[in-house]
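In what follows, a single structure is set out as structure tokens and then discussed.
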Amino acid sequence: MPDPRRARLSPEERRAQLVATGVNFLAEHTLDELTMDELARRAGVSRPLLFHYFDTRQGMHKAVVTMARDSLLLASEPRSELPPRERIHDTLLRVAEFVQQHQSTFHSLVRGVASGDPAVRRVVDESREQNAERLIQAFTELGTTDTAALRIAMRAWVSFTEETLISLVIERGTDPAEAVRFLEATLDGVVAATDELHL
């Protein structure tokens with residue numbers, strides 16, 4: 001007999017529930033380990049039902065990665081009421097704390113997706129672009145000229161930050177505040193270097 005609680009869910013709610021189950025899976029496993037069979041087992045639904053919501057395994061992966069990415073972006077949304085320099089520090093600290101609290105999920109997003117489906121990689125790349133834009137906005141408010149060099153540097157620095165947070169916060173257990181101090185020093189150096197590159 002169908003579970004009445006499950007029957008009350010709308011299609012949108014059911015799909016969101018399935019995606020959330022996939023995100024929770026990333027807390028202990030890599031994205032490549034998330035198969036349709038495994039998600040069906042964890043969600044307590046049939047495999048054919050999953051294909052009703054996700055045409056392919058790649059489509060399911062994309063939905064899971066999108067939800068995980070959006071959770072990080074939401075948790076690190078810049079506080080517009082703060083001055084630019086304080087906003088950068090506050091945002092970086094909240095990102096580092098997110099990484100500390102969701103280590104496996106972040107690790108899977110940054111490294112597990114690297115060799116995955118192009119559509120899934122684009123989801124992660126979109127978050128990098130958005131984080132780079134956040135930095136560009138803050139630095140232009142501080143008086144830095146918005147140049148091609150600055151944009152290239154910020155995009156590269158975001159990727160550098162992801163790897164640094166994995167190495168420091170996840171693998172070495174570094175305190176988020178200490179990791180942020182290091183990141184801020186490297187950020188200032190990168191921004192200063194863009195003044196010497198005329199693009």
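Just so it is clear, none of the values below were taken in a lab; they were calculated from the coordinates. Fair warning: this is a prediction, and the values are worked out from it, not measured in the lab. Neighbour counts are summed over all protein chains in view; Cβ atoms, including those assigned to glycine, are modelled from backbone coordinates with ideal geometry.
What does the chain give for Rg and for Dmax, in Å, if only its C-alpha atoms count?
Here Rg and the maximum Cα pair distance are 19.3, 70 Å.
Given R₀ = 45 Å, what would the calculated FRET efficiency be for T145 paired with F182, taking r from the Cβ atoms and rounding to 0.05? Could the numbers behind the result be given before it?
Numbers: r = 26 Å, r/R0 = 0.57.
For T145 and F182, the calculated efficiency is 0.95.
Note the angle between two axes, namely the Cα long axis of helix 118-141 and the longest principal axis of the Cα atoms of the chain, as a number of degrees from 0 to 90, rounded to the nearest 10.
Around 30 degrees separate the two axes.
Could you give me the ³J(HN,Hα) list for the stretch 159-166, computed from phi with Karplus coefficients 6.51, -1.76, 1.60 and θ = phi - 60°, whole Hz, x at Gly and Pro?
Karplus-based 3J(HN,Hα) across the stretch 159-166 equals 5, 4, 5, 4, 5, 5, 5, 5 Hz.
So for the pair A193, L49, with labels modelled 7 Å out along Cα→Cβ, what separation do we get in nm?
5.2
What's the ranking of 77-85, 117-125 by average number of surrounding C-beta atoms within 10 Å, highest first?
Numbers: 77-85: 11.9, 117-125: 15.8.
Taking the mean over residues of other Cβ atoms within 10 Å, the ranking is 117-125, 77-85.
Binned at 5 Å from 0, what are the whole-percent values of the Cα-Cα distance distribution for the stretch 48-157, short to long?
Each 5 Å bin holds this share of Cα pairs: 2, 11, 18, 20, 18, 13, 8, 5, 3, 1, 0, 0.
To the nearest 10 degrees, how steep is helix 84-101 against the longest Cα principal axis of the chain, on a 0 to 90 scale?
40
So what is the orientation-averaged projected area of the stretch 4-61, using the convex hull of its C-alpha atoms, in nm²? Each step should come with its number before you reach the end.
On the way: hull surface 14.8 nm².
Mean orientational projected area (the stretch 4-61, Cα hull): 3.7 nm².
Going by average Cβ neighbours within 10 Å, how do the peptides 92-99, 36-43 rank, with the highest at the top? If you can, show how the numbers build up before the last one.
Numbers: 92-99: 21.0, 36-43: 15.6.
For the peptides 92-99, 36-43, the packing ranking is 92-99, 36-43.
Relative to the longest principal Cα axis of the chain, at what angle does helix 57-75 sit, 0 to 90 degrees, rounded to 10?
Taking Cα atoms only, the helix is inclined about 50 degrees.
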